[in-house]
1. Tell me which residues, restricted to the range A:200-232, are within 8 Å of chain B (Cβ to nearest Cβ) and within 15 Å of the chain's Cα centre (by Cα).
2. Any idea which residue in the range B:546-559 is farthest from the chain's Cα centre (by Cα), counting only those that are surrounded by 14 or more Cβ atoms within 10 Å (Cβ to Cβ) and within 12 Å of chain A (Cβ to nearest Cβ)?
3. Step by step: first the residues of the range B:60-78, then only those that are in a loop (DSSP other than H, G, I, E, B) and of a type in the set (A, V, I, L, M, F, W, C), then the one that is nearest to the other protein chains (Cβ to nearest Cβ). Which residue is that?
4. Going by the conditions given, is residue B:150 farther than 19 Å from residue B:47 by Cα and of a type in the set (S, T, N, Q)?
5. Quick one: would you say residue A:195 is in contact (Cβ under 8 Å) with a residue 60 or more places away in the chain, buried (at least 22 other Cβ atoms within 10 Å of the Cβ) and among the basic types (Lys, Arg)?
6. What are the residues in the range A:246-270 that are buried (at least 21 other Cβ atoms within 10 Å of the Cβ) and not in a helix (DSSP H, G or I), if any?
7. Tell me, please, whether a residue that is within 19 Å of residue A:161 (Cβ to Cβ), modelled with pLDDT under 85 and either β-branched (Val, Ile, Thr) or out of contact with any His (no Cβ under 6 Å at 6 or more places or on another chain) (or both) can be found in the range B:529-543.
8. If the Cβ limit is 8 Å and pairs must be 6+ apart or interchain, which residue in the range A:73-92 that is within 14 Å of another protein chain (Cβ to nearest Cβ) pairs with which residue that is basic (Lys, Arg)?
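The values are calculated or read from the model by the stated rules, or taken from the named source; none is laboratory data. Note that the structure is a prediction, hence the values are computed from the model and not measured. As a convention, Cβ positions derive from the backbone with ideal geometry for all residues, glycine included, and neighbour counts pool all protein chains shown.
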Amino acid sequence: MGMDRREFIKWCSLLAVGSMLGGCRKLPFVGDAAKKDLPSLKMFEAEVRRAMSKPSHRMELVRVPMPGRLKTPGASLENRFGMAIDLDACDGCGKCILACIQENNIPLVTEDEAAKGRFMHWIEMRGGVPFMCAHCGNAPCERACPTGAANHTPDGLSAMMYKRCTGSRYCGANCPEHARKFNFNDAVQQGLSLKFNDKVPVRSKGVMEKCSLCLHRLQDDRLEVKTAGGVWRGRGVNTACAEACPKKAIVFGNWLDPDSPLVKVARRRDLYAPADLAGFDPSIVYMMGGK
Amino acid sequence: MVRILFIVFLCLLAPGLVSMGYSLWQGPAAWSVDSGVFWGMPISLFVFWIGLAHAGTLISAIFLVLDVKMERRTSILAELATLCALVVAVIFPLMHLGVIQNFYMVAPYMESRGSMANVCSPLVWDFCCILAYGLLSVVYLVVHVLADKSAVAASIHRPLAWLLFPMVLWVHTIVSLDFAATFVPAWRGAFFPIYFIVGAVFSGLAMVNIMLCAEGYRMRQLEKLMLVGSWFLGAFLLWDFALKGNLSVTVLVFAVLLPQLMFVSAVRESTLGRVLISSSIIVGLLLERVFLVFPSGVMGFGWVDLGLICFGFGLFGVIFLVARLKLSRVIEGEEVLMGEVEETVPKRPATGRFSYFAPLTTPEFRMLRFPLLLGIIACTLFLVWVVGCLEENGIAFSDANLVPLTCPIITTVAGIVLCLRPLVMHIGKVGGAVMVALAALLGVLAGMVYGGVTSVPSGAVVSSTGDMLDVGTLPDSTSTLDSVAIIRTKAVFEARCAGCHGADGRLNEKFVREYYPVPQNLDVSRMDALGEDSLVNVILNGRTNMNPYAGRISPQMARGLVRYMRLLAETPAVDNAATQNEGGDE
C-alpha cells in the first residue's frame, strides 16, 4: 500500500473530524429517533392477552406448611407479609396482571422481545395459574446477588434496590422459577413506558426487577403509623393484584398477625407452593381444597 | 507467516469490534438470552478464556515447582499467552453487566463506601480472585524475564511459582462455583471444580501446542499431557451423563475422540495434524462452555454471538502477536531463535535440586515464610472487619462463604512483599526506609480511597429518638407553626424526609451518596429565594430526583414541612462528633 505516515495521519484526522461533525448535527441519534408517543392503555391490555396466549406449562405444586417467622437475623417478630392465591376460585382471567402493570409502571416490550417471550410482567400465567415472585424467606436470588441490590426487608419482602443493581443477572439465573425480569430496553426512551403511578419509579435499562409485593403501599402505611406512633401490622394494606381480582382469589396479609385476613383464610385450607421453591420458605403460596 | 496471522486476526477483530460495540450500545438484549436463560455468550466466553489463561501459569509455575524441565522460550510464551487471555477474559464479564458503570460495586468495600457488596456471592469471590491472579501473573512474567539477568529475580522465581500454584487452582475453582453454587439443576455437582480445572488446563495446553506449531517446534511432553487431558475430560463428560443424563455429542467428538488421533504417527508428526487436533480441542471446549451456560438449549444464536467469539479470538491474537514481536528479544534471549530446532531437549544442567530437605526447611519456604505470614495477617484483619460489618448490619452469612476470599488476599499480599523485600535490600538501608515510607503513604492514600474520606454518617438519622433538635429551643415561631403542629410536622419529616434529607435537614450523606445524586442544599437564603409555594410544589409533584408526595401528604402538611425545613436551616449545625458518638452507642 502506497501510504506513508503523513498521509495516514491525514486520513485518520479527516475521518475523526468527519465523525465529530456528524455528531454535531441537530438530527436525533438512532436511539432518540425511536422515541414514540406514549403508549395507550389498550396496548398494555393487548400485551397481557398476548402473554397469556403463549403456551406455558403448569407448575408442579407441593404441600407446604403455613409460612412462619423468618429465620434471618434482624427479622421482624410482628410482620411477615405474603399472599395466598386460591386456585379453586381463580379462573385465570389475567386482571391481576393488568392491575399490576398499572400499579407498578411496568413497561411494554418491543415486538422482537415479545416474540422471544421476554415480557416484563411481574405476574404471569403459568398454565392458568398466576405466578409472581414468591418472596422466599431464604431466597436464592439474594444469596447470589453480588452487590446486595437484592435484599430482604425485616418484614419478609424480597426487595430490589434498583440504584444498587449492576445487572449481572445472577439472581435471575439462580431463581428456579425465573420470577425475575430484566430491563433489556430503555423503556422510557423507546416510548414503551407509561407512568400510571407516581409513587413507583420507572426502572432504568439494565436492572433487574420483580414483584415488590406493592412495597410502596406498605411503606406508605408504615410511615403513616410511624408518624402517629404505634405498632404497625400492615392492616388495611392490600396489593394491587388482590384488589383487582374479581373472584377475590388473591388474599394479601401478614402471616404473623392472627387477625390478618390471610391467616384467617389460609388456616382452613391446604397450602401449596411450586415444587422447586417449596424448600426456600416462600411467602406467597397457593390454596386448594380444605375448608 | 506472522504477517499472515496478523491479518487473519485483524480480520477476526474487525467484525468482533462491530458486534462488541453493538452489544455495548444495545445492552444484553443484543446477544441471545431470554427470560429463562439470563446469561449468554459473554459468560461462556469468559469461562473459556479464563480457562485458556490458566495454561501459562500451569506450564510455567507448576512445572517449575514440580521440577519438570521445560525450555524458557516455551514457558515465557505460555505466560505471555496467559496474560493476553486474561485481558480478553476480563472484558466479557464486564460487558455482560446491565449497568456497566456500576461494576465497582462488586468489590468488597463493605460499608466503607456505602455500597455493601454481598461477600456470599460467588461473583464477588470471582472479582477478587481474577484481580489477584492478573496482578500476580504480570509480576510472575516480569520476574521470569528478569531471572536470566539478575540473581535477585532468579531467587524469588521459585517462591513466586509456589505462590501461584494454589492460586491457579483456586481461581478456576471459584469460576466453577459461579455455576455450582446456584440452584440450576444442570450446573450442580460437587465435581465441578475439578471438572473446570481439567477443562481449563486441557484447553490451555491445546492453545500452547498451537503456538508451538506456529513457532515451528514442538514439545512431546505437552502433547502427551494434552492426550491425558482428553481422557480426563471424557471421564467427566461420562460422569455428568451418568448423573444428569445430558451428553453433548459434539463436545465428545471434538474434545475427546478426535484428539485420540494423536496415536496415529502420521497425524502426530505433521504440523498441520497437530494444529488441527489442537484446534478441534479448542472448538470442543468452547462448545462445552456454550452448552453449559445455555442448559436448555441455545435460542436464537445470532450474529452478535458469533461476533463476540470473533472478538475474543481476534483481540487475543492481535495483543499476543504484538507483545510477542515487541518482546522477541526478551523471549528469545541468548538462546537459539525460535523455530530452529525440531525437537526440544532440556538443555540446562540439573542443578542439584534433588537433594533432600527436611520439611519446612527448603530455601523456598524460608523465603516465603515472612511474606506468607504478612499475607495471613492481612487476610485475617480483612476477614475480621468483614465479619464485623456483616454482624453489625445483621446480614446472614456462613463462615464458609468467606473462605474463597482468603487465597487471593494472602497470595497478593505475600507476592507483593516477596517482590518488594529483595528490592528494599538491594537499594540499601536509607533507600529501603524511603521505600517503606512511600509504601506507607501509598497505603494511607489507598485506605482513604477505600474508606471514603467524606463518609461521615449524618448521625442525625442514627439517633432514632430524634431529640437532637429540641422543639423547645426552636426560635419563637408561633406565627408560622405552633408547637403542636411542630411536633406533628417533625414526626412526618422524620418518617418521610429524613431518610435522604437527614433528620437535621442537612442530608443523610451516607445513604444519599451511593444511591442518588445529592439533594439540594437548602440553606435559609436558598429557601427564601425559592419561595414557599415553589417548594410545596416540589414536595407534592416531585422534581428531578425528589419523589412526588401528592396523595400521601396533604398540601397543608407540605407547607408545614417547608416551614419546618426552614426552621432546621436556621438552627446551627449539630456537633458532628457528638452525634457520631451517639450513633456508636446504638
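1. Once the filter is applied, which keeps residues that are within 8 Å of chain B (Cβ to nearest Cβ) and within 15 Å of the chain's Cα centre (by Cα), the range A:200-232 yields A:201, A:204, A:205, A:206, A:207, A:208.
2. Of the residues in the range B:546-559, the ones surrounded by 14 or more Cβ atoms within 10 Å (Cβ to Cβ) are B:546-550, B:552-553, B:557-559.
Now drop any that are not within 12 Å of chain A (Cβ to nearest Cβ), which leaves B:546-550, B:552-553, B:557.
On the way: B:546: 34, B:547: 35, B:548: 39, B:549: 41, B:550: 44, B:552: 43, B:553: 45, B:557: 49 Å.
My answer is B:557.
3. Going through the range B:60-78, the residues in a loop (DSSP other than H, G, I, E, B) turn out to be B:66-71.
From what is left, the residues that are of a type in the set (A, V, I, L, M, F, W, C) are B:66, B:68, B:70.
Numbers: B:66: 35, B:68: 38, B:70: 38 Å.
The qualifying residue nearest to the other protein chains (Cβ to nearest Cβ) is B:66.
4. For residue B:150, the condition - farther than 19 Å from residue B:47 by Cα and of a type in the set (S, T, N, Q) - is met.
5. Numbers: in contact (Cβ under 8 Å) with a residue 60 or more places away in the chain: yes; buried (at least 22 other Cβ atoms within 10 Å of the Cβ): no; among the basic types (Lys, Arg): yes.
No; evaluated as a whole, the condition is false for this residue.
6. Keep residues of the range A:246-270 that are buried (at least 21 other Cβ atoms within 10 Å of the Cβ), which gives A:249-256, A:260, A:262, A:266.
Once the filter is applied, which keeps residues that are buried (at least 21 other Cβ atoms within 10 Å of the Cβ) and not in a helix (DSSP H, G or I), the range A:246-270 yields A:249, A:250, A:251, A:252, A:253, A:254, A:255, A:256, A:260.
7. Of the residues in the range B:529-543, the ones within 19 Å of residue A:161 (Cβ to Cβ) are none.
No: zero hits.
8. Going by the 8 Å Cβ cut-off, the qualifying pairs are A:75/A:69; A:77/A:69.
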